[in-house]
1. Please work out which residue is surrounded by the most Cβ atoms within 10 Å (Cβ to Cβ), limiting yourself to segment 140-150 and to residues that are touching a strand residue (DSSP E or B) at 6+ places or on another chain (Cβ under 7 Å) and assigned to a loop (DSSP other than H, G, I, E, B).
2. Please go through segment 160-184 and pick out each residue that is part of a strand (DSSP E or B) and in contact with a Gly (Cβ under 9 Å, 6 or more places away or on another chain).
3. Do the conditions hold for Arg85, that is, is it more than 24 Å from Gln432 (Cα to Cα) and not assigned by TED's automatic domain parsing to the domain that holds Gly387?
4. If Val57 satisfies every condition in (1) out of contact with any helix residue (DSSP H, G or I) (no Cβ under 8 Å at 6 or more places or on another chain); (2) farther than 16 Å from Gln14 by Cβ; (3) assigned to a strand (DSSP E or B) but one, which is the exception?
5. If you check Phe396 against the conditions, is it under 30 Å from His112 (Cα atoms) and at pLDDT 95 or above?
6. Which condition number does Asp217 fail, the rest of (1) in a helix (DSSP H, G or I); (2) touching a Phe, Trp or Tyr at 6+ places or on another chain (Cβ under 9 Å); (3) more than 20 Å from Cys335 (Cα to Cα) being met?
7. Does segment 42-63 contain at least one residue that is out of contact with any Leu (no Cβ under 9 Å at 6 or more places or on another chain), modelled with pLDDT of 95 or more and crowded, with 16+ Cβ neighbours inside 10 Å?
Amino acid sequence: MTGVSIDLTIENVQLLDKYNVRNPSKGTLHFATTHLIFVDHDKKKETWILLMHISSVERLAISTAGSPLLVRTKNFQSVLFVIPRERDCHEMFQTLQRLSQPVHIDELYCFHYKSTPEDLPKSAGWHYFDMHTEFQRMNVPNEHWVLCTANKDYELCDTYPSEFYVPARATTAILLGSANFRSRGRLPALSYLHSNMAAIARCSQPLSGFSARCMEDEQMLDLIRRANPNCGYMYVVDTRPRINAMVNRAAGKGYENEAFYENIKFQFMGIGNIHVMRKSLQKLVETCEQTSPTMSSFLSGLESSGWLKHIKSILDTGWWIASAVARGASVCVHCSDGWDRTAQACSLAALLLDPHARTTSGYQALIEKDWLSFGHKFSARCGHVAGDERERAPVFTQMLDCTWQLLRQCPSAFQFNERFLLTLHDHAHAAQYGTFVGNCQKDRRDLRLSERTFSLWGYMASHLSEYKNPLYNPKAHPDVLQPDLSPQSIR
C-alpha cells in the first residue's frame, strides 16, 4: 500500500487472541487513512485491517486492563484490542465507525486508491470481458436468439445491462409487455446457451397477484421454449420456498399461474431469502467465535446456523437446472427480484455445465455476466456505504462457498485455487478497485468507474501465477460436472 499517512497512534495496546488469552500481544495501534495497523513489539509482527473490511465495531465493558474494542471484519477476522485509556478507546471507536461506513459512494477507497503507474495502468482490465464475446463463444446470436438493444438507455429495465439476448421472434410489444409484468421490469433474458440448444433464461417474479395474467409474458416464455427446437416443453424454476412465493402473491406479485402457460413445468426450489442468509452467517460466525467451545456446542451452533443446509440448497438448485439443460430442456429461472438467488442458480448451473466457466478467465466472465451485468446489488449486499443494514447479505459469499465445495470435490476440474476465491471475496468487500462498486451496470456507468478507478481484473491478471491450481486437468472430467450433494460431503 503506498502513501499511508498515520493520523492516530495509541501506545501500550493489548491484542487478545481467543486461542491464547493468557498471553496477549502488546504493541502500538496505528490508525492510517485506509488501515488499522497493530505493531507487536515483541514478535515484530504487524496486523493490518482494511477499514472497508470492518463490518462492526463494539465497545465492551471496561476491565482492569483497560477499554476493550471488538472489531469484526467482512472477511471473518475478529480482533479484540484492549486500549489503556477510555478516552482513546472512545475516539478510536467513533473514527472506525465513521470511516468503515462512508456516507457517500464517492468517499469509497477506489476513488482515492493510487497504484504506481509502472505497476498497473488505470485502463488495465476494464475491457477484458465483453458480453458479446462471451455469448459468441456459445454461438449466440443465431437463428433463435438475437441481441436486444431496446434497453440502450436503461428505459426498459434500469438494473439490466444495456444489451442482452432474447428470442429472435420476440417483438417490441412482447418485450415491453413482459417487462411491465415482471417485478422491476426484469423480463426474461438469455443467461446461457448449451450446445444442445437448451437455454438458461433469467427474470424476476411476475406481478400476477392471485389472478392477473399477461399475454405478452405468456408469449415471451413460449418463444423461449420454441427457441429450443429439440424439446417440446420447458421448466420455470422459482428458487424460493413455495410459501414465500405465496406470501408475495398477497402483495400483487408471486409466481406464474400454470393454467396460463402452455407446455411449461413449474418447480420451486426452497432457497432462503437475504434475511435468512444474513442471520445464518451471523450465527455461524458466533459459533466460530465461542470463547471456550466444546465439541457439542460447536456442532450444535453449526447445525442451528443452518449455513451448510443453505449451501446445499443452492448447490441442489444449480444441479437441478444443469441436469435439465444437459437432458435438453430449457429453463427460465427467477426468485423475487432476480438478482440474488437467480444469480447464484444461473451461474452455478453454468459452472457445472461448461468447462470454460471452470477456467480462471471463464469464471471471471461468469461473474461479469451473471452478477455485474445483470445487476446483483454488490454495494448494498456488501455494505460499501452506510445504509439499511437489512440490505446486507452474504449472497456472493455463498456463490464462492459453493464453488469451493465443487473445487474440493473435483480438484482437477478447476484451473484456479482457493486463493483465487478468497481474493474475489476480499475485493468484493474492500472497494479498493471499482469492479464491484455499484448495484448495476447503470450505476457503474453513471459513476464513470472505468475512468476514475482501477479494475480488479487488471490487478488479478498480473498475479495469475498465485491463482494457478497445480492439479488442473480438464481432460480428467466430463463436460458436465456432477457434484456429490449428500449432506456429509458439504463442508
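1. His144
2. Hit for segment 160-184 is Arg182, nothing else.
3. Judged against the criteria, Arg85 is a match.
4. That leaves (1) as the condition not met.
5. Considered against the rule, which asks whether it is under 30 Å from His112 (Cα atoms) and at pLDDT 95 or above, Phe396 comes out as yes.
6. (3)
7. Taking every residue of segment 42-63 in turn, at least one turns out to be out of contact with any Leu (no Cβ under 9 Å at 6 or more places or on another chain), modelled with pLDDT of 95 or more and crowded, with 16+ Cβ neighbours inside 10 Å.
Okay, residues lined up against (1) in contact (Cβ under 8 Å) with a residue 24 or more places away in the chain; (2) touching a helix residue (DSSP H, G or I) at 6+ places or on another chain (Cβ under 9 Å); (3) polar (S, T, N, Q):
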position	(1), (2), (3)
Lys442	yes, no, no
Asp446	no, no, no
Leu449	yes, yes, no
Thr453	yes, yes, yes
Tyr459	yes, yes, no
Leu464	yes, yes, no
Tyr467	yes, yes, no
Asn473	yes, yes, yes
His477	yes, yes, no
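The values are calculated or read from the model by the stated rules, or taken from the named source; none is laboratory data. Note that the structure is a prediction, hence the values are computed from the model and not measured. Cβ atoms come from the backbone with ideal geometry, glycine included; neighbour counts cover every protein chain shown.
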